[in-house]
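For reference, the structure discussed in these notes is given below.
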Amino acid sequence: MPAVHDRGGLPTDQPIDRSEHEWADWEYVANALVGVLRRHEVINVDELRRGIEAMVPAEYESSSYYERWSASIETLLVEKGVLTTAEIDAVAARMDGLWRR
Amino acid sequence: MTVRADEVAHHHRTPWFVKGKSGVVRRVHGAFPNPESRAHGGSGMPKRRLCQVEFRQSDIWGPKYRGRADDVLLADIFEQWLEPVPRG
Amino acid sequence: MSSDHRHPPLLHADRSVRATRVLAIRQLLIDKGVVTAAEVDDVVARSRARTPADGAKVVARAWTDDAFRGRLLADARAAAREQGYRLSHDADLVVVENTAEVHHLIVCTLCSCYPTSLLGQPPDWYKSFAYRQRAVIEPRAVLREFGLELPAAMHLRVVDSTADVRYLVLPRRPPGTEGMSQDDLAGLVTRDSMIGVAEAHRPEGGRCACRGTS
């Protein structure tokens with residue numbers, strides 16, 4: 001059975017949805033973070049793809065494109081010891097708190 | 001050339017549907033860092049040649065392909081995935 | 001650690017967990033000096049600025065300048081540089097030419113590789129599972145969905161950009177465009193025509209008498 005990202009030829013009845021969504025700012029940020037982290041040689045594109053492909057298949061399938069990037073960026077930065085999960089948890093919780101006020 | 005039919009767990013850029021299929025190398029794009037190494041903390045060295053391989057759609061999909069018999073699919077495959085077509 | 005108040009547009013009621021975590025990661029990387037806010041903003045600005053108009057200019061020149069067309073098909077990176085486009089070093093670029101006999105369609109089944117240097121960010125459908133799954137096995141049905149009925153005699157070449165090469169289609173120059181300027185021609189070149197799911201537009205109005213029914 002092909003890996004979850006290896007989609008070519010998998011059967012589907014889905015028509016191609018040609019509607020476009022306007023990018024949220026966080027999607028631009030996810031895209032840009034990868035660009036900057038690649039330039040600084042913190043991560044490379046092959047690692048980014050590997051991180052995406054390592055997602056739990058159900059999560060891969062239910063995530064949007066940049067949600068998958070986000071998951072991989074986090075996986076790689078934690079794996080490389082640049083950030084810890086606890087740090088990300090803490091800042092994310094604080095941001096959520098700020099925005100809810 | 002024939003694409004190796006290996007099922008591997010590490011990151012690689014060979015789609016499942018060309019594995020074990022034979023095609024013709026149409027061009028060699030040059031050498032690129034090996035993604036199978038670079039995805040897993042390696043240097044990607046030595047670089048590997050990346051080949052554009054042309055497959056007949058009917059060879060890939062069989063009768064499931066609806067189109068002209070001579071329609072083709074082109075995929076870029078790293079040299080380590082290619083071996084000579086077995087004789088016989 | 002100071003929180004970042006400079007980005008009010010980041011406030012989204014519907015942001016997902018992953019969205020918040022991206023913004024948290026950005027903040028942490030800035031606080032730790034791994035990246036600067038300016039670098040990130042700069043990449044955001046540049047990615048917003050890139051549009052398919054860049055690819056369209058390259059196509060229009062290829063339509064009007066045979067020598068350039070030859071160079072574009074032989075070495076797209078060098079030809080694009082000639083036009084003032086510096087492509088990223090991460091991936092190479094190959095241009096494939098649609099003709100009266102051959103049609104090319106581009107897909108990336110493994111992820112969403114796309115010639116962003118000349119086309120900007122890919123449309124959502126290009127990244128969709130439906131397109132990635134169907135474009136290789138039933139490309140003619142996919143093209144029909146996009147409104148392009150390929151003649152039975154047309155040879156179809158689907159290109160799966162699986163590795164370090166990005167592909168751009170050089171669409172056919174529409175009939176009735178003789179004598180048009182490069183700028184006007186570029187206006188006929190759509191993003192979709194450079195992916196291969198459509199043909200370039202035909203000129204509207206009186207210029208084109210070629211398709212009139214008698």
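No value in this document is a laboratory result; all are computed from the given coordinates. Please read these numbers as outputs of a predicted model, since none were measured by experiment. Backbone-built Cβ (ideal geometry, glycine too); neighbour counts: all protein chains shown.
So what is Rg over Rh here for region A:13-101, counting just Cα atoms and using Kirkwood for Rh?
Working: Rg = 14.8 Å, Rh = 14.7 Å.
Computed over Cα atoms, the ratio is 1.01.
Filter B:LYS47/C:LYS127; B:LYS19/B:LYS64; B:LYS21/B:LYS64 down to the pairs with a C-alpha to C-alpha distance above 25 Å, please.
Values: B:LYS47/C:LYS127 28 Å; B:LYS19/B:LYS64 17 Å; B:LYS21/B:LYS64 16 Å.
Pairs exceeding 25 Å: B:LYS47/C:LYS127.
Lys/Arg Cβ at +1, Asp/Glu Cβ at -1, dipole of the protein assembly as shown taken about the Cα centre: which of C:PRO174, C:PHE146, C:LEU188 is farthest positive-ward?
C:PRO174
Report the relative contact order of chain B, percent, no decimals, based on alpha-carbon pairs under 8 angstrom and at least 6 residues apart. Can you show the working numbers first?
Values: 152 pairs, mean separation 28.6, N = 88.
Reported relative contact order: 32 percent.
Give the long-range amide H neighbours of C:ASP92: residues separated by 5 or more places, or on another chain, with amide H under 5 Å away, using H modelled in the peptide plane at 1.01 Å from N.
Counting only residues 5 or more places away or on other chains, the set is C:VAL165, C:ARG166.
Which whole-Hz ³J(HN,Hα) couplings does region C:95-105 yield from phi under the Karplus relation 6.51 cos²θ - 1.76 cosθ + 1.60, θ = phi - 60°, glycine and proline marked x?
9, 10, 9, 7, 9, 5, 9, 10, 10, 10, 10
Among C:83-89, C:184-190, what's the highest-first ranking by average C-beta atoms within 10 angstrom per residue?
Working: C:83-89: 12.4, C:184-190: 19.6.
Output ranking for C:83-89, C:184-190: C:184-190, C:83-89.
Semi-axes of the equivalent ellipsoid for region C:39-92, please: Cα gyration tensor eigenvalues, times 5, square-rooted, ordered largest first, whole Å.
Ellipsoid semi-axes (Å, largest first): 25, 13, 7.
Quick check on the exposure proxy: order A:TYR60, C:TYR126, C:TYR167 from fewest to most C-beta atoms within 10 angstrom. Intermediate values should be presented prior to the final figure.
Details: A:TYR60 18, C:TYR126 24, C:TYR167 27.
With the fewest neighbours first, A:TYR60, C:TYR126, C:TYR167 line up as A:TYR60, C:TYR126, C:TYR167.
Roughly how tilted is helix A:85-100, in degrees to the nearest 10 and between 0 and 90, from the longest Cα axis of chain A?
That helix lies at roughly 90 degrees to the long axis.
Starting from the amide H of B:VAL25, placed 1.01 Å from N in the peptide plane, find each other amide H under 5 Å away whose residue is 5 or more places distant or on another chain.
Sorted by chain and number, the residues that satisfy this are B:GLU54.
Would you mind working out the magnitude of the charge dipole of the protein assembly as shown relative to its Cα centre, with +1 at each Lys and Arg C-beta and -1 at each Asp and Glu C-beta, to the nearest 20 Debye? Working shown, then result.
Details: 55 positive and 56 negative charges, 107 e Å.
Computed about the Cα centre, the dipole is about 520 debye.
Output ³J(HN,Hα) for region C:120-137: one whole-Hz value per residue in order, computed from phi by the Karplus curve 6.51 cos²θ - 1.76 cosθ + 1.60 with θ = phi - 60°, and x for Gly and Pro.
With coefficients 6.51, -1.76 and 1.60, one gets x, 6, x, x, 4, 5, 5, 8, 6, 4, 4, 5, 4, 7, 8, 4, 8, 9 Hz.
Out of residues 5 or more away from C:LEU105 or on other chains, whose amide H comes under 5 Å of its own, with H placed 1.01 Å from N in the peptide plane?
Distant-sequence amide H within range of C:LEU105: C:ARG157, C:VAL158, C:VAL159.
Using unit Cβ charges (K, R positive; D, E negative) and no other charged atoms, how large, in debye to the nearest 20, is the dipole of chain A about its Cα centre? Walk me through the numbers on the way to the answer.
Working: 11 positive and 19 negative charges, 56 e Å.
My answer is approximately 280 debye.
If we count other beta carbons within 10 Å of each Cβ, what is the order of C:GLU97, A:GLU67, C:GLU199, fewest first?
Values: C:GLU97 14, A:GLU67 22, C:GLU199 18.
Exposure proxy ranking, most exposed first: C:GLU97, C:GLU199, A:GLU67.
Just for the Cα atoms in chain C, what are the lengths along the principal axes, largest first, rounded to whole Å?
73, 37, 34
Run the numbers for A:MET1 and A:ALA93: contour at 0.36 nm per residue of separation, minus the present Cα-Cα distance, in nm.
Working: separation 92, 0.36 × 92 = 33.12 nm, distance 3.84 nm.
Additional length available on full extension: 29.3 nm.
Place +1 on the Cβ of every Lys and Arg and -1 on the Cβ of every Asp and Glu in chain B, take the dipole about the Cα centre, and give the residue among B:VAL3, B:PRO35, B:TYR65 whose Cα lies farthest towards its positive end.
B:TYR65
Which whole number in µm²/s is D for the protein assembly as shown by Stokes-Einstein, with the Kirkwood Rh taken over Cα pairs at 37 °C and 0.692 mPa s?
145 µm²/s
Given the -39500 (n - 2.57) contribution per DSSP H run of 4+ residues, what per-residue ellipticity at 222 nm results for chain C, rounded to the nearest 500 deg cm²/dmol? Walk me through the numbers on the way to the answer.
Values: 11 runs with 91 residues, N = 214.
One gets -11500 deg cm²/dmol as the mean residue ellipticity at 222 nm.
Could you pull out which residues in region A:64-101 have an amide N less than 18 Å from a spot 7 Å beyond the Cα of C:ALA37, following the Cα-Cβ vector?
Residues A:91-92, A:94-96, A:98-99 fall inside that zone.
Kindly write out, for region A:14-26 in residue order, the coupling ³J(HN,Hα) from the Karplus curve 6.51 cos²θ - 1.76 cosθ + 1.60 (θ = phi - 60°), rounded to whole Hz, with x marking Gly and Pro.
Karplus values, whole Hz, x for Gly and Pro: 5, x, 8, 7, 9, 6, 10, 9, 7, 4, 6, 4, 5.
If we count other beta carbons within 10 Å of each Cβ, what is the order of B:PHE32, C:PHE129, C:PHE146, fewest first?
Details: B:PHE32 21, C:PHE129 14, C:PHE146 17.
Listing B:PHE32, C:PHE129, C:PHE146 from fewest to most nearby Cβ atoms yields C:PHE129, C:PHE146, B:PHE32.
Name the lysines eligible as straight-distance cross-link partners of C:LYS32: C-alpha to C-alpha under 18 Å, and not fewer than 8 places from it in the same chain.
Leaving aside lysines fewer than 8 places away in the same chain, those within reach of C:LYS32 are A:LYS80.
Can you pull a Stokes-Einstein diffusion coefficient for region B:8-88 at 25 °C (0.890 mPa s), Rh from Kirkwood over Cα pairs, as a whole number of µm²/s?
177 µm²/s
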